[in-house]
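To start, the structure itself, in structure tokens.
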């Protein structure tokens with residue numbers, strides 16, 4: 001079984017490397033929709049965590065016209081499945097904050113199955129998202145579908161259904177259950 005996982009990851013790396021040829025890095029909008037299940041006495045408080053909340057957590061303030069952007073450097077994943085991606089917070093065209101990899105943010109692709117049909121590549125993967133920046137700390141994992149065409153730059157858009165444990169400082173307890181989605185829009189060459 002381990003051998004099959006290694007073969008799938010190597011195949012995914014080859015496909016991602018071919019897709020990423022010729023681009024220094026790619027950027028894509030990132031959306032987050034999570035629920036933290038915070039114990040409160042004999043009940044559970046549901047705490048919503050949206051993209052806007054993540055931006056505020058990372059930047060320590062409200063960001064006018066704030067956008068969360070995933071930046072994936074050229075070269076794709078390493079042999080451990082780390083995509084070496086980092087997060088950038090934008091206000092219009094101004095960079096407000098960068099959340100570095102690997103110290104504060106990681107996306108790992110633990111296993112993948114790549115399906116290429118014509119000019120379209122779909123990668124079905126198990127991904128882990130590791131976040132430790134600002135007031136948000138979470139270890140999330142789940143099933144992701146990545147879709148790209150040969151004409152696109154980078155990894156393509158993706159949708160991940162995730163769960164795990166995390167903390168929002170001064171809002172939740174430590175290591176409470178979390179679930180939700182992380183979605184990346186279409187990629188474009190970036191700087």
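Readers should treat all values here as calculations from the given coordinates under stated rules, not as data from a laboratory. Owing to the predicted nature of the structure, the values given are computational and were not obtained by experimental measurement. Every residue, glycine among them, receives a Cβ derived from its backbone with ideal geometry; neighbour counts consider all protein chains shown.
Numbers below:
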item: More than 16 Å apart - percent of Cα-Cα pairs taken over region 117-191; result: 57
item: Calculated FRET value between residue 91 and residue 42, using beta carbons and R₀ = 35 Å, to 0.05; result: 0.25
item: Burial ranking of peptide ranges 56-68, 36-48, 104-116 (average Cβ count within 10 Å, highest at the top); result: 104-116, 56-68, 36-48
item: Pairwise Cα inverse-distance average, inverted: Kirkwood Rh of region 22-77 (Å); result: 13.7
item: 126, 136 arranged by Cβ crowding within 10 Å, fewest neighbours leading; result: 126, 136
